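**Q** Shown below is the structure under consideration.
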Amino acid sequence: MNEATQLSWKTGVLFDQMRRIGGLEFPFEVERVGEARGSRSRLRCSVDEDGRLGLRRWRSHDLEMLSTCYLLDERAESAFSTRWPRGAEVELRAFGEGDPFAVVRLRGRPVEIRDLEGKLLHPDTVSRVNFDGHVLTVSPESFWQSHHDAPALLSERVLAAWRARPAPRVVDLYSGVGLFAHVLSRAGASEVVTLESSKSAVRDARENLGGRRGVRVLERRVEPRTLFPVLRGDDFVVLDPPRTGLSSGVVEEIAASDPARVVYVSCDGATFARDLKAFRGEGYDLTSLEAFDLFPLTEHVELVAVLDRAESRRESGGRPKS
């Protein structure tokens, strides 16, 4: 399947999910993002009985062994010649300054950091990413986008949505190491509150955002009881949840606070469509939707949606009119 056919197929799949699950037809096309070759900065592999790296076949426990990977940053290619601990999960990381390394997870053992030859590295090893003239720390157990172009592209789209309707107060949900909070606080948001459940990512965010006036980094799961004391009216809310999307009650709690604008970043079309339907039911209109091919040669895409309070919600002072 060539690139044009892939993009057309992905657009069709997403359009069907939006219509069938989300109950909405909205025009968009999946956009190409750079060259596919070498675009991945992270790759999660499994290890066979001989210590070789491979990927799980679709809907199977069988491994497809690798001697190279077309999508992976070439700096990490030497990992395929190394013998790794049998039965481990090995995540190759090739982003930021310094040499690539591997995060090795084996059941019942602490996470290990190894170089690409398999030698143990210091457990405090981290990635340092020079982003927009500022160095961000990303620990081995913290999330970072898997496409080299994703952090800049997604940050630019979130920032554009904020600039089009600026709000002094921003709430950043599933905030990771603080990428969006970093961009929005530098752009002029006077108060930024982040919520993230990963201890590693919260620790990184506190280092990355330390000393910023008006920035609060909270270690909390995103759920109704944690949102209630954080959200206020007219906030700008940005959320970037995992593939499972938003947990029960989160959409309703966000909507109850009456934010002026919500930006939803998603890597799963089905759960996004489900959550979009819930937001629309709470009186929010889909203003724009962009889809980016940040996962070439897979079925996945990245979505950036902007949702604004519907006119009926503004007139009723909150909940949509029935």
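The values are calculated or read from the model by the stated rules, or taken from the named source; none is laboratory data. Remember, it's a predicted structure, so these values are computed and weren't measured experimentally. Here the Cβ is made from the backbone with ideal geometry for all residues, glycine too, and neighbour counts use every protein chain on show.
**Q** Filter segment 17-34 down to the residues that are within 16 Å of Val301 (Cβ to Cβ) and either exposed (fewer than 13 other Cβ atoms within 10 Å of the Cβ) or of a type in the set (S, T, N, Q) (or both) and list them by number.
**A** Of everything in segment 17-34, those that are within 16 Å of Val301 (Cβ to Cβ) and either exposed (fewer than 13 other Cβ atoms within 10 Å of the Cβ) or of a type in the set (S, T, N, Q) (or both) turn out to be Gln17, Pro27.
**Q** Among what's in segment 19-41 and is more than 20 Å from the chain's Cα centre (by Cα) and hydrophobic (A, V, I, L, M, F, W, C), pick the residue that is nearest to Gly96 (Cα to Cα).
**A** This residue is Phe28.
**Q** Take the conditions touching a residue at least 12 places away in the same chain (Cβ under 8 Å), within 18 Å of the chain's Cα centre (by Cα) and outside the structural domain of Tyr70 (by TED's automatic domain parsing) and apply them to Leu239. Does it pass?
**A** Working: touching a residue at least 12 places away in the same chain (Cβ under 8 Å): yes; within 18 Å of the chain's Cα centre (by Cα): yes; outside the structural domain of Tyr70 (by TED's automatic domain parsing): yes.
Against the criterion (touching a residue at least 12 places away in the same chain (Cβ under 8 Å), within 18 Å of the chain's Cα centre (by Cα) and outside the structural domain of Tyr70 (by TED's automatic domain parsing)), Leu239 qualifies.
**Q** Still on this model: Tell me whether segment 194-212 contains one or more residues that are over 24 Å from Trp144 (Cβ atoms) and either touching a residue at least 40 places away in the same chain (Cβ under 8 Å) or in the same structural domain as Ala273 (by TED's automatic domain parsing) (or both). Talk me through it step by step, then tell me what you get.
**A** Quick first cut of segment 194-212, residues over 24 Å from Trp144 (Cβ atoms) only: none.
No, that holds for no residue.
**Q** Separate question: Just to be sure, is Arg59 assigned by TED's automatic domain parsing to the domain that holds Asp275 and out of contact with any Leu (no Cβ under 8 Å at 6 or more places or on another chain)?
**A** On the way: assigned by TED's automatic domain parsing to the domain that holds Asp275: no; out of contact with any Leu (no Cβ under 8 Å at 6 or more places or on another chain): yes.
Criteria not met by Arg59.
**Q** Now for a separate question. Going residue by residue through segment 243-263, is there one that turns out to be β-branched (Val, Ile, Thr), assigned by TED's automatic domain parsing to the domain that holds Pro27, at pLDDT 95 or above and assigned to a strand (DSSP E or B)?
**A** Taking segment 243-263 and keeping what is β-branched (Val, Ile, Thr), we get 244, 250-251, 254, 262-263.
Adding the requirement that they be assigned by TED's automatic domain parsing to the domain that holds Pro27 leaves 244, 250-251, 254, 262-263.
If we keep only those that are at pLDDT 95 or above too, we end up with 244, 250-251, 254, 262-263.
Then keep just the ones that are assigned to a strand (DSSP E or B); that gives 262-263.
Taking every residue of segment 243-263 in turn, at least one turns out to be β-branched (Val, Ile, Thr), assigned by TED's automatic domain parsing to the domain that holds Pro27, at pLDDT 95 or above and assigned to a strand (DSSP E or B).
**Q** Tally up the residues in segment 273-313 that are in contact with a Pro (Cβ under 9 Å, 6 or more places away or on another chain), closer than 28 Å to His148 by Cβ and part of a helix (DSSP H, G or I), please.
**A** Going through segment 273-313 one residue at a time, the tally reaches 1.
**Q** Same structure again: Looking at Arg221, is it surrounded by fewer than 16 Cβ atoms within 10 Å (Cβ to Cβ), within 20 Å of Leu159 (Cα to Cα) and modelled with pLDDT of 95 or more? Full working, then the answer.
**A** Working: surrounded by fewer than 16 Cβ atoms within 10 Å (Cβ to Cβ): yes; within 20 Å of Leu159 (Cα to Cα): no; modelled with pLDDT of 95 or more: yes.
So Arg221 does not fit the description; no.
**Q** Name the single residue, out of those in segment 101-120 being modelled with pLDDT of 95 or more and either of a type in the set (Phe, Trp, Tyr) or over 27 Å from the mean Cα position of the chain (by Cα) (or both), that is surrounded by the fewest Cβ atoms within 10 Å (Cβ to Cβ).
**A** Residues of segment 101-120 that are modelled with pLDDT of 95 or more, as a first pass: 101-105, 112-120.
Subset that is either of a type in the set (Phe, Trp, Tyr) or over 27 Å from the mean Cα position of the chain (by Cα) (or both): 101, 117-120.
Working: Phe101: 22, Glu117: 11, Gly118: 17, Lys119: 9, Leu120: 11.
Ranking the qualifying residues of segment 101-120, first place goes to Lys119.
**Q** Regarding Arg44, is this residue over 21 Å from the mean Cα position of the chain (by Cα), of a type in the set (Lys, Arg) and surrounded by fewer than 17 Cβ atoms within 10 Å (Cβ to Cβ)? Give the derivation first.
**A** Numbers: over 21 Å from the mean Cα position of the chain (by Cα): no; of a type in the set (Lys, Arg): yes; surrounded by fewer than 17 Cβ atoms within 10 Å (Cβ to Cβ): yes.
No.
**Q** Can you tell me which residues in segment 1-36 are more than 25 Å from Pro151 (Cα to Cα) and among the charged types (D, E, K, R)?
**A** Asp16, Arg19, Arg20, Glu25
**Q** Residues that are in contact with a helix residue (DSSP H, G or I) (Cβ under 9 Å, 6 or more places away or on another chain) and surrounded by fewer than 19 Cβ atoms within 10 Å (Cβ to Cβ): does segment 164-178 have at least one?
**A** Applying the first criterion (in contact with a helix residue (DSSP H, G or I) (Cβ under 9 Å, 6 or more places away or on another chain)) to segment 164-178 yields 166, 170-173, 175-178.
With the extra rule that they be surrounded by fewer than 19 Cβ atoms within 10 Å (Cβ to Cβ), the set shrinks to 166.
There is at least one residue in segment 164-178 that is in contact with a helix residue (DSSP H, G or I) (Cβ under 9 Å, 6 or more places away or on another chain) and surrounded by fewer than 19 Cβ atoms within 10 Å (Cβ to Cβ).
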